[in-house]
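Read the structure below first, then the notes.
Derivation of every value follows stated rules applied to the coordinates shown; laboratory data play no part. None of the values given here were measured: they were computed from a predicted structure. Heads up, the Cβs are rebuilt from the backbone with ideal geometry, glycines too, and the neighbour counts pull from every protein chain shown.
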Amino acid sequence: MPKAIFTAGLRTPFGRAFKGAYRDVRADDLLVEVLSAQASWYPELWSSCLEDLIVGCAYPEHEQGYNIGRVAALGAGLDVPGVVVNRLCASSLEAVAMAASRIAASWGTVFLTAGIESMSRIPRRGANFSESGRIKAANEHAYIPNGQTAERVAAKYPQFDRQSQEEFAERSHTLAHQAHQDGSYSGQLHPYLIESDEFVRYPVNREKIASLPPAFSEDGTVTAATSSPLTDGATSGWVIEATRAKSLGISAGLEIVDIQYGHVAPELMGLGPVPATQRIFARNGITPNDVAAFEINEAFAIQVLASVADLEIPMDRVNTWGGALALGHPLGASGLRLVMTLHDRLKQRNEPGALGLATLCVGGGQGMSILFRWVQI
């Protein structure tokens with residue numbers, strides 16, 4: 001079976017929705033910016049007879065609508081078709097999965113994947129959100145807001161109290177600050193209007209965090225500080241068949257080993273990574289100790305803490321460059337951010353054969369995980 005390799009991840013810094021650098025930037029223009037940057041960062045790949053552009057987007061409407069994959073390709077001068085995929089927060093991870101699947105089936109060799117979300121300009125849940133009475137009759141929690149699911153997970157895992165969640169948030173900001181300071185993120189950041197991610201705070205003011213009211217329930221433990229912030233940003237990366245990658249000058253990258261999905265009750269959405277990752281472990285005969293690096297999207301501190309505990313993952317292998325609590329979470333773009341960070345972490349280690357795993361919880365009670373291997377080509 002042909003092997004798919006992820007390489008050359010590139011993203012904009014992530015901006016504060018409504019207040020940050022991208023609040024007045026159209027989503028399609030922001031995507032064109034990061035795609036066009038690929039031409040200057042990786043000219044050999046740009047001119048490699050690319051076969052398709054696959055874009056993840058959680059709310060593909062308004063400026064993110066009208067098949068933003070195709071129109072962004074036109075705007076960036078790419079001579080390719082384009083398609084949009086939506087699996088909410090895992091949308092751009094799904095874009096990677098689609099490209100890898102096509103390569104495994106010998107239906108192509110070179111794909112550019114991307115993710116986009118403007119939470120400043122496109123309403124969450126969409127501009128005309130409407131609930132189906134029939135669906136709610138079948139499952140009363142089908143449309144439950146994600147913040148409420150975080151509180152339900154917190155109630156299920158009382159050992160992770162508010163202080164534990166705040167400690168995890170502090171860890172995220174501290175590690176993200178360190179990664180920015182030591183240049184770890186420099187290989188994936190295309191500075192556009194800003195030089196780095198706008199949310200990172202260091203040193204963390206724990207007194208201020210402790211003073212915040214609960215965000216979703218009067219007697220809850222989840223606050224704005226322990227929830228991922230509203231974010232604008234765009235991501236991109238290449239998925240290429242291994243022999244073709246070598247011919248294009250790629251000497252190492254992430255081999256996509258396995259892709260798995262899972263689901264949980266929608267009111268426990270944050271636990272989605274658990275069944276998806278358990279399937280990865282079972283199918284590949286591995287344990288958490290066999291995986292060198294994990295990137296788990298930090299939708300909420302509580303859902304990461306609970307998922308890590310259930311999966312028995314060593315915390316010192318999780319999000320060691322910080323996560324979405326500090327970097328931001330532009331929904332449709334976040335999956336690719338996880339993958340490119342995993343790529344760069346394993347590149348730093350430079351241990352051929354080292355395994356890495358990227359996973360997200362997904363609205364509606366889903367989880368998605370991809371297992372990667374660092375390989376020399």
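Quick notes on this structure:
- Among the residues making up segment 95-123, those that are surrounded by fewer than 20 Cβ atoms within 10 Å (Cβ to Cβ) and in contact with a Pro (Cβ under 9 Å, 6 or more places away or on another chain) are Ala104, Ala105, Ser106.
- Scanning segment 27-62 for residues that are outside any loop (DSSP other than H, G, I, E, B) and either more than 21 Å from the chain's Cα centre (by Cα) or more than 24 Å from Arg87 (Cα to Cα) (or both) yields Ser36, Ala37, Gln38, Ala39, Ser40, Trp41, Pro43, Glu44, Leu45, Trp46, His62.
- Spans of helices (runs of 4 or more DSSP H) in segment 117-226 with at least 3 residues hydroxyl-bearing (Ser, Thr, Tyr): 162-181
To keep it simple, each residue is scored yes or no on (1) of a type in the set (A, V, I, L, M, F, W, C); (2) within 19 Å of the chain's Cα centre (by Cα); (3) part of a helix (DSSP H, G or I).
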position	(1), (2), (3)
Asp258	no, yes, no
Tyr261	no, yes, no
Ala276	yes, yes, yes
Ile286	yes, no, no
Ala326	yes, yes, yes
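- Across segment 255-295, the qualifying residues are those that are among the hydroxyl-bearing types (Ser, Thr, Tyr) and in contact (Cβ under 8 Å) with a residue 60 or more places away in the chain, and the one among them that is farthest from Ser91 (Cα to Cα) is Thr277.
- Residue check, Glu298 acidic (Asp, Glu), part of a loop (DSSP other than H, G, I, E, B), touching a residue at least 60 places away in the same chain (Cβ under 8 Å) and crowded, with 24+ Cβ neighbours inside 10 Å: yes
- Test: Asp24 is out of contact with any helix residue (DSSP H, G or I) (no Cβ under 7 Å at 6 or more places or on another chain) and assigned to a loop (DSSP other than H, G, I, E, B): yes
- Of the residues examined, Glu131 is one that is over 14 Å from Ala234 (Cβ atoms) and charged (D, E, K, R).
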